[in-house]
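Worksheet: the structure to be examined is printed underneath.
The values are calculated or read from the model by the stated rules, or taken from the named source; none is laboratory data. This is a predicted model, so every value here is computed, not measured. Methodologically, a virtual Cβ is constructed for each residue, glycine included, from the backbone with ideal geometry; neighbour enumeration extends over all protein chains shown. Remember, those area values only see protein heavy atoms, side chains included, never the ligands or the DNA or RNA. Shrake-Rupley method; radii C 1.70, N 1.55, O 1.52, S 1.80 Å.
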Amino acid sequence: MHTLFAIAGSIVNFTACLGYVRAILKGEAAPNRVTWFLWGLVPLIAGIAQLRAGVGISTLVVLSVGAGPACIVLASFARGKGSWQLGPFDYICGACALAALALWAVTGEPVTAIVLSILGDFAAALPTFRKAWLAPATENRSTYVIAFVGMILGILSVKEATFAAYAFNAYLLAACGTFVLVLYWPRRRGVAETLSAE
C-alpha cells in the first residue's frame, strides 16, 4: 500500500507541474525562475539524503517534486515568460542548499541535509509566496491544489515514523497548503485587479 501511495503521489506531483507548464506556454503564468530552479535542486538534496537514511519508497515522492520544477524552468525560457532576479531570499536559499551539500559531504549526516534542505526550500518559496499574494493571476492555482493532493499521498506513503521520513514530506504538505490558501484567499475586487495588472 505504501508503494502504491508513493507512485500515485509522484504521478500527481509531476502532473501538477505539467499543468503549470501548459499555463506558461499559453501565456497564462509567469514563474519566478529562481524559486522554481531551487525547487528542483533542493528536493534532490533531500531525496538523496532520505535514500542514505534508508527512508524507503516515500523518497520517490520527494524526488518527483524536483523533476517537475525543472520542466517549468525550461518552459519559462521556451515561452519567454518568467523572471530571473536575485534578491536576499534567493541568496539565502542558495546558501542553505550549498550548505546542505557541504555538511552532508563532510559529516555524512542525512538528517542535517534534510533540515537545511527544508530551510533552503522555504527561502526559495518566499519570493513566489509574495508574488502569489500580490499578483495571483500570474500563478496557476490548480497546480498547487493538485500538488497538495500529491503531498497528502506522499505522507501516506511513509512506512516508518522517523524524522528523516516525515520532515521534508510534512514541510511540502504545509507549503502547498499555504500556497492554496494564499491563491484562493478572497480579495477586494479593485485591489485584486490592480495587483494582477502590475
Hits in the stretch 21-79 (condition: assigned to a loop (DSSP other than H, G, I, E, B), open to solvent by less than 20 Å² (accessible area, probe 1.4 Å) and either out of contact with any Gly (no Cβ under 9 Å at 6 or more places or on another chain) or farther than 22 Å from residue 130 by Cα (or both)):
55, 58
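When the residues of the stretch 151-178 are filtered to those that are part of a helix (DSSP H, G or I) and among the hydroxyl-bearing types (Ser, Thr, Tyr), which remaining residue is nearest to residue 122 (Cα to Cα)?
Restricting to residues being part of a helix (DSSP H, G or I) and among the hydroxyl-bearing types (Ser, Thr, Tyr), the top hit is 171.
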Members of the stretch 128-150 found to be of a type outside the set (S, T, N, Q), open to solvent by less than 30 Å² (accessible area, probe 1.4 Å) and in a helix (DSSP H, G or I), listed by number:
132, 136, 144, 147, 150
Can you tell me which of 173, 183 is touching an Asp or Glu at 6+ places or on another chain (Cβ under 9 Å), within 24 Å of residue 15 (Cα to Cα), modelled with pLDDT of 85 or more and open to solvent by less than 50 Å² (accessible area, probe 1.4 Å)?
183
Matching option when the condition is of a type in the set (Gly, Ala, Ser) and in contact with a helix residue (DSSP H, G or I) (Cβ under 8 Å, 6 or more places away or on another chain), among 165, 102
165
Tabulated pairs, the stretch 1-17, first under 11 Å from residue 158 (Cβ atoms), second among the β-branched types (Val, Ile, Thr) and assigned to a helix (DSSP H, G or I), C-beta under 7 angstrom, 6+ apart or interchain
6/61; 9/61
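Does residue 153 fit the bill of being under 30 Å from residue 54 (Cα atoms), modelled with pLDDT of 85 or more and buried (at least 20 other Cβ atoms within 10 Å of the Cβ)?
Working: under 30 Å from residue 54 (Cα atoms): yes; modelled with pLDDT of 85 or more: yes; buried (at least 20 other Cβ atoms within 10 Å of the Cβ): yes.
So residue 153 passes the test.
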